[in-house]
Amino acid sequence: MKISKTPYYSWRIGELADGCKHCVKGEKLVLFVTGLCSARCDFCPISDKKLYKDVAYANERQFEPEGTNAIIEEARACSAKGAGITGGDPLVKLDRTIKYIKLLKKEFGKKFHIHLYTPLVLVNEKSLKKLYDAGLDEIRFHPKLDKEEDWPKIMLAKNKRLGFKWKVGVEIPVIPGKEEETKLLIDFIADKIDFLNLNELELADNAVWRNRENVKCKDELSYAIKGSEELAKKLLKYCESLGIRTHFCTCKLKDRVQLANRIKRRAENVKQEFDLMTDEGMLVRGALYLPELAPGFGYHDKLSRISEGRKRKILNKLKSIRERVLQDEELPSRLVLVDEHKLRLITSAWLAKIIKADDVVKAVVTEYPTFDALEIEVDILKD
């Protein structure tokens, strides 16, 4: 097996793992089970809003961990053909993780490919057997370079006595200055796994990273850490000499390929008939806001603090404005809709420009087609 460049800004030795084949096409639901974790890695990429908190997300959509509707809805919204289960450590909430795996397999069938990431702290025969019996297709371990005593746990996933037939991989960030330590791990796993994934180390928005000194990104436009790519390419040559199936996954792949493709898939499913979709999958639409909820400083925080009682009142007011606009402009009802998530009315960009309504703030917005509908550009309209 030789090193070769992929069409996805990455390098490989041998075939990509099945989970990666789906990921690069944007076909995987990212299911964040919990931010709780037993490993406390020095280079954790999780943001402050998730780090060490028991929160759950399906892609960008937060949901109550006990609920499951959001998982199915989000999987359908992005036409997912599989899911990547992550955290934190999904094994901290093992019963919840099992529940989610069974739910997805029941809803979408056995071919719905599910892989899971976990550190080694809570790995044992019992937890692995539960994951396998639930239907997990692929498990990816995150061994810590300074915890050699835990490495043998990886071999439990290949236990023939327990009937395991899933794919087993190791996935680690490439940490500059840790070449020898990483090679020791590679030597250990060389004949014990189906694949190795090396991830370009990335800067994260959390307190762990903000308090770290002497860490630099490789350029002003990237959050990839300087030196990670160079070391990864050295390690690829080492893996090539050992014949290990390996993939070096870059930050550019995650942003420009994996995320971009998932965004486009979701946009095709969720766009309204009046939306314009850009080549990148962004939605351009008109929006009508109540003056006190118009986009501006602290906009998202303001929305998050609205109580359920006040939300109902706002929605009732928006519905009344919608009915009046539809009547005044003689429009079909499908051309002006209530956005219950962001508490606004949405319509086409051109209609927003001509609608007459003194009690709203009108805008043309460009935003992600994700559940949070994050704005890229807001152009407030003046009559």
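The values are calculated or read from the model by the stated rules, or taken from the named source; none is laboratory data. Nothing here was measured: the structure is a model prediction, and the numbers come from that model. Here the Cβ positions follow ideal geometry from the backbone for every residue, glycine too, while neighbour counts run over all protein chains shown. Please note that ligands, DNA and RNA were not included when accessible areas were found on the heavy atoms of the full protein model with its side chains. Shrake-Rupley method; radii C 1.70, N 1.55, O 1.52, S 1.80 Å.
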Residue-averaged [θ]222 nm for the chain, counting only DSSP H segments that reach four residues, each worth -39500 (n - 2.57): -9000 deg cm²/dmol
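Could you rank Glu180, Glu74, Glu330 by how accessible they are, 1.4 Å probe, largest area first? Don't skip to the end; give the middle numbers.
On the way: Glu180 115, Glu74 0, Glu330 155 Å².
Solvent-accessible surface, decreasing: Glu330, Glu180, Glu74.
P(r) tail for region 45-96, what percent of Cα pairs lie past 15 Å?
On the way: 652 of 1326 pairs.
The answer is 49 percent, as a whole percent.
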Angle in degrees between helix 179-189 and the longest Cα principal axis of the chain, rounded to the nearest 10: 80
Degrees separating the helix 308-329 axis from the principal Cα axis of the chain, which is the longest one: 50
Gaussian network model of the chain, Cα within-10 Å springs - most flexible of Leu145, Leu36, Leu315: Leu315
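Where the convex hull is taken over the Cα atoms of the chain, what is its projected area averaged over directions, in nm²? Each step should come with its number before you reach the end.
Details: hull surface 81.7 nm².
In nm², the orientation-averaged hull projection of the chain is 20.4.
Percent relative contact order of region 230-315, based on C-alpha pairs within less than 8 angstrom and at least six residues apart?
On the way: 35 pairs, mean separation 12.0, N = 86.
Relative contact order of region 230-315: 14 percent.
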Shape parameters for region 1-124, alpha-carbon atoms, Rg then Dmax in Å: 15.2, 46
Rounded percent of accessible protein surface that carbon and sulfur make up, the chain, 1.4 Å probe: 49
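Determine the equivalent ellipsoid of region 280-323 by diagonalising the alpha-carbon gyration tensor, then write out the semi-axes as square roots of 5 times the eigenvalues, largest first, rounded to whole Å.
20, 16, 10
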Low-density loop cleavage sites - chymotrypsin sites (Phe, Trp or Tyr not before Pro) in region 199-301, where at most 10 other Cβ are within 10 Å (DSSP): Phe297
Rounded to whole Hz, the Karplus (6.51, -1.76, 1.60) HN-Hα couplings of region 272-286, x for glycine and proline: 7, 5, 8, 6, 9, 10, 7, 4, 8, x, 6, 9, 10, 8, x
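State the antiparallel share, in %, of DSSP beta bridges confined to the chain, rounding to the nearest 5.
Details: 33 of 62 bridges.
Looking only at bridges with both residues in the chain, the antiparallel portion is about 55 percent.
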Dipole of region 248-348, positive direction: furthest Cα of Thr250, Ile263, Ile346, with charges on the beta-carbon: Thr250
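Provide Asp133, Asp219, Asp48 ordered by accessible surface of protein heavy atoms (probe 1.4 Å), highest first. Mind dumping the intermediate values first?
Numbers: Asp133 95, Asp219 75, Asp48 50 Å².
Of Asp133, Asp219, Asp48, the descending order of accessible area is Asp133, Asp219, Asp48.
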Under-5 Å amide H pairs with Leu381, H placed in peptide plane, nonlocal only: Lys362, Ala363, Val364
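If you build the Cα gyration tensor of region 160-281 and take the root of 5 times each eigenvalue, what three semi-axes come out, in whole angstrom, biggest first? Walk me through the numbers on the way to the answer.
Working: eigenvalues 204, 110, 35 Å².
Value: 32, 23, 13 Å, ordered largest first.
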Where GluC sites (Glu not before Pro) fall in DSSP loop in region 207-278, at most 10 other Cβ within 10 Å: Glu213, Glu220, Glu273
0 to 90° range, to nearest 10: angle between helix 228-242 axis and the chain longest Cα axis: 40
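Can you flag which of Lys93/Lys129; Lys99/Lys192; Lys81/Lys130; Lys130/Lys153; Lys49/Lys311 are past 26 Å Cα-Cα? Intermediate results must be reported in sequence, preceding the final value.
Details: Lys93/Lys129 15 Å; Lys99/Lys192 29 Å; Lys81/Lys130 22 Å; Lys130/Lys153 16 Å; Lys49/Lys311 23 Å.
Exceeds cut-off: Lys99/Lys192.
Which entries in Lys21/Lys178; Lys53/Lys102; Lys21/Lys102 show an alpha-carbon gap greater than 26 Å?
Values: Lys21/Lys178 28 Å; Lys53/Lys102 24 Å; Lys21/Lys102 22 Å.
Over 26 Å Cα-Cα: Lys21/Lys178.
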Cross-link partners of Lys382 among aspartates and glutamates (Cα-Cα below 19 Å; sequence separation of 8 or more within a chain): Glu292, Glu329, Asp358, Asp359
Table column - 3J(HN,Hα) (Hz), region 73-82, Karplus curve with 6.51, -1.76, 1.60, x for Gly and Pro: 4, 6, 4, 5, 4, 10, 6, 5, 10, x
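May I ask you to give the solvent-accessible area per residue for the chain, in square angstrom, as obtained with a 1.4 angstrom probe?
Numbers: 19020 Å² over 383 residues.
Using a 1.4 Å probe on heavy atoms only, each residue of the chain averages 50 Å².
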